[in-house]
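Notes follow the structure.
The values are calculated or read from the model by the stated rules, or taken from the named source; none is laboratory data. Bear in mind that the values here come from a model prediction, so they are computed numbers and not experimental data. Cβ sites come from the backbone with ideal geometry, for glycine too, and all protein chains shown count toward neighbours.
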Amino acid sequence: MDAPAWTELSAWLELIWLTIKTDVLTWAAAAQLGAALVALVVACLIGIPLRRKLLAWRSDEALHAGLRRLARVTRAVSIPLLWLVLQWLAVAAAAGLDQPRRVLTIVVSLLTAWVIIRFASGLLTNPVVARLIALVAWTIAALSILGLLGPISSALDQAAFTLGLLRISALTITKGLITLGLLLWAAIALGKLLEGQVRSIESLTPSVQVLIVKLVKILLVTIAIVAGLSAVGIDLTAFAVFSGAIGVGIGFGLQKVVSNFVSGIILLLDRSIKPGDVIAIGETYGSINSLNARFASVITRDGTEHLIPNETLITEPVENWTFTDRQVRISLPFGVSYNADPRAAIAIAEAAGDSNERILAAPPPRCLLKGFGDSAVDLELRAWIRDPQNGVSNVKSELLLAIWDGLKEAGIEIPFPQRDLHIRSAVPVPVAGSQAEKKS
């Protein structure tokens, strides 16, 4: 190794030793380390009964799944979280007494990063987002330990520009993105938790439940955005300059979105359709799975999920089979031969309706004679069901098969269209013979 390189290495080692001797091998550092250990012991003593309580909550099936998951994750980090709170108190006390707190600050930085990472990995289902949060947390902790967080923050704050009365810097953007991300995630998670609680209230109708959930989610997201902007020091009145242009942009660019959103609110208020209703609109027939801010989800009998815009449900005719009553009448026309007894055919059809478990007993199934057709005596079976969401064509098929079996067993013919040709008078047709026959 040449002399300049050895000199540089020696200087670097000396700096490390000086830092260790100054910041680590001191009575102040030992006292801070002892305070950290005492805080750990206290956190363990407090955390033992807390972990038992969280274990009971995690196993309680009466609680919402989100609350049970939160209890599981909180139990896993309960002791480090209590330790972190006690460390913050120790740092505040050291700052108030004007005592050294370098070691305490390092412990706080490491604990904060570790708790955030454990919470993110336990609560977030997206592994990419969880890794991104872990990277950001460890980066901030490392910069804080090395004493570089302050200088880097100052450098980011210097990279700024002014937009009207609003000063925007790289630091503001960074803080805003992190704060908004955390607050929006918390608002969405809290919204899902409250949604489960609202849907468990059986006294509320499905449409009222959806309306309450939507309003709560909008309110939580709005509060998160306002709180996030205010937390980074952005004066919301500065956006008043751009409110007119933003309003025009929303009016033209988001016209359909706003229309669908308002239509969804109207549908929930007038309760014309609600989750669970069986509707038919255009060529789509199925049950409403959910009502969303922009569309309604309709699942057909073949399992296809149609996303119908709310505006379409307002402006186009909709058949709601379960609007006031879930009872639906089905009609089955059929015919029997003129040689058969129509009263016997009527009794067979009504018996087929009585034997089907989906057909209501009150009102009972009725079979009527509708007319005398060209080839058959026209009959029609009318019956009522209360579960159209389970299908109408399938119960019609079952009834037709039962009628077929009953008529076959009774020897009653089901005619088909036919034509009889009657010749009223015979007309002689001359037949010309060949030339040879004529000569002979």
Legend entry - Condition check for LEU229: farther than 22 Å from PRO309 by Cα and modelled with pLDDT of 70 or more: yes
Inset, instruction - Would you check which residues across region 295-314 are in contact with a strand residue (DSSP E or B) (Cβ under 7 Å, 6 or more places away or on another chain) and charged (D, E, K, R) and list them? - result: ARG301, GLU305
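For region 275-285, give me each residue that is surrounded by fewer than 21 Cβ atoms within 10 Å (Cβ to Cβ), over 24 Å from GLN255 (Cβ atoms) and of a type outside the set (A, V, I, L, M).
Hits for region 275-285 are PRO275, GLY276, GLU283, THR284, TYR285.
So that you can scan it fast, the table gives a plain yes or no per residue for (1) assigned to a helix (DSSP H, G or I); (2) under 31 Å from the mean Cα position of the chain (by Cα):
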| position | (1), (2) |
| --- | --- |
| LEU70 | yes, yes |
| ARG75 | yes, yes |
| LEU82 | yes, no |
| LEU86 | yes, no |
| VAL91 | yes, no |
| PRO100 | no, no |
| VAL107 | yes, no |
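Being at pLDDT below 75, in a helix (DSSP H, G or I), surrounded by 14 or more Cβ atoms within 10 Å (Cβ to Cβ) and not assigned by TED's automatic domain parsing to the domain that holds LEU50 narrows it down to one residue among LEU156, LEU190, LEU180, LEU143; which is it? Before you say what the answer is, go through the steps one by one.
Working: LEU190 fails: at pLDDT below 75; LEU180 fails: at pLDDT below 75; LEU143 fails: not assigned by TED's automatic domain parsing to the domain that holds LEU50.
None of the other options fit; the residue is LEU156.
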Legend entry - Some residue of region 309-320 being outside any loop (DSSP other than H, G, I, E, B) and under 21 Å from TRP384 (Cα atoms): yes
Legend entry - Residues being in a helix (DSSP H, G or I) and touching a helix residue (DSSP H, G or I) at 6+ places or on another chain (Cβ under 8 Å) - total across region 263-285: 7
Inset, instruction - Answer with yes or no whether ALA347 is surrounded by 15 or more Cβ atoms within 10 Å (Cβ to Cβ), modelled with pLDDT of 90 or more, within 15 Å of LEU399 (Cβ to Cβ) and not assigned by TED's automatic domain parsing to the domain that holds ALA293. - result: no
Legend entry - Qualifying residue in region 66-78 (condition: modelled with pLDDT under 70, crowded, with 17+ Cβ neighbours inside 10 Å and closer than 30 Å to LEU183 by Cα): yes
Inset, instruction - Would you mind telling me which numbered condition in (1) modelled with pLDDT of 85 or more; (2) out of contact with any helix residue (DSSP H, G or I) (no Cβ under 7 Å at 6 or more places or on another chain) PRO309 fails? - result: (2)
Legend entry - Unmet criterion (only one of (1) crowded, with 16+ Cβ neighbours inside 10 Å; (2) touching a Lys or Arg at 6+ places or on another chain (Cβ under 8 Å)) for GLY335: (2)
Legend entry - Of all residues in region 402-419 being loosely packed, with under 10 Cβ neighbours inside 10 Å and not small (Gly, Ala, Ser), the one that is nearest to GLU350 (Cα to Cα): GLU409
